[in-house]
Ligand SMILES: [Fe+2]
């Protein structure tokens with residue numbers, strides 16, 4: 001666990017292994033014509049099962065964004081067509097990358113309203129397991145939310161904030177904010193708690209676990225609290241943070257994180273499953289899922 005926490009910022013956008021990229025910004029051509037029928041078929045399986053699951057679970061903005069995009073079950077989307085629509089709506093575009101890219105490259109793209117999406121798709125035998133974000137996670141999970149002006153501004157602000165946090169040496173704190181919002185965020189809507197995070201929206205099992213399982217905590221989002229909270233990269237989250245509405249992210253896009261970094265400097269960090277007396281708890285989890293996982297791991301040593 002500790003090791004995974006220490007790796008967290010790198011794992012998120014990572015230092016890509018392998019040879020140097022041809023282009024300085026690490027982009028490649030999507031090469032849409034080169035996807036095989038088998039690769040489109042994997043997309044179809046993922047798209048169809050996730051589309052069935054998300055009504056009543058994904059937030060309204062996600063559903064609306066998806067509806068207005070050229071994304072369907074039959075084919076892996078063409079980034080050029082996605083970008084045309086996105087550009088009109090929120091000024092974003094989708095660019096292809098071979099996999100994980102260095103943090104500063106990732107932030108530079110976001111700061112300029114370019115979303116780097118994995119060009120490849122997972123293999124049929126690894127539908128629920130991903131080492132790096134692929135085209136399904138990146139496009140199905142992230143792009144519908146980029147159609148929303150609030151998320152569009154928020155993620156751009158995160159890119160700018162990332163470049164600054166790197167210089168200040170506080171990237172791990174900022175990465176937690178991204179993790180618990182853009183990747184694993186929940187939002188309170190009139191009809192209940194809903195998903196807006198891409199890591200959940202693109203995952204069959206976590207879509208259900210995050211909303212319906214009694215195990216995880218669901219806690220009202222608080223910036224300083226989240227900056228101090230470690231997260232899991234290798235399993236479901238032990239706690240999900242719930243915003244009151246997407247406008248809460250707009251506030252985050254405009255405030256200066258500097259004073260927050262100063263305030264939490266040297267303060268104790270919270271484990272992923274900890275509930276604090278100061279938390280506004282929406283539902284307190286039983287912790288059963290992760291307790292069982294830990295016991296199983298101990299028994300196998
Ligand atoms: Fe992601």
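Send over the Kirkwood Rh of the range 53-148, from the inverse of the averaged 1/r over different Cα pairs, rounded to one decimal Å.
Taking every pair of different Cα atoms in the range 53-148, averaging 1/r and inverting gives 13.9 Å.
Starting from the Cα of residue 131, step 7 Å along the direction of its Cβ; do the same at residue 205; then give the gap between the two resulting points in nm.
The answer from the label model is 1.8 nm.
Would you mind ranking 137, 254 by Cβ crowding within 10 Å, fewest neighbours first?
254, 137
The range 201-235 to the range 20-49: how many Å between their Cα centroids?
28
Cut-off is 10 Å between beta-carbons; in what order do 87, 66, 145 appear when sorted fewest neighbours first?
Fewest-to-most ranking of 87, 66, 145: 87, 66, 145.
In the Gaussian network model of the chain, springs joining C-alpha atoms below 10 Å, which of 60, 235, 222 carries the largest mean-square fluctuation?
Between 60, 235, 222, it is 235 that shows the largest mean-square fluctuation.
Over all directions, the average projected area of the alpha-carbon convex hull for the range 172-259 comes to how many nm²?
5.7
Hey, fewest Cβ within 10 Å first, where do 36, 203, 83, 239 land in order?
36, 83, 203, 239
Pulled fully out, how much extra length does the chain show between residue 44 and residue 28, if you take 0.36 nm times their separation in residues and subtract their Cα-Cα distance?
Length gained, residue 44 through residue 28: 3.4 nm.
Given the chain, what percent of its DSSP beta bridges are antiparallel, to the nearest 5?
Rounded to the nearest five, the antiparallel share is 35 percent.
Roughly speaking, what is the centre-to-centre gap between the range 112-147 and the range 246-299 when only Cα atoms are used, to the nearest Å?
That distance is 25 Å.
Please report the orientation-averaged projected area of the chain, defined via the convex hull of its C-alpha atoms, in nm².
About 15.9 nm², averaged over all directions.
Sort 194-201, 107-114, 119-126 by packing, meaning the average of other beta carbons within 10 Å per residue, with the highest value first.
Most protected by this proxy first, the peptides run 194-201, 107-114, 119-126.
How many nm separate the modelled label positions at residue 160 and residue 292, each set 7 Å beyond the Cα in the direction of the Cβ?
4.6
Only the coordinates and a few stated rules stand behind these numbers; no lab work does. Because the structure is predicted, anything quoted here is derived from the model rather than measured. A quick note on method: Cβ atoms are made from the backbone with ideal geometry, for glycine too, and the neighbour counts reach across all protein chains shown.
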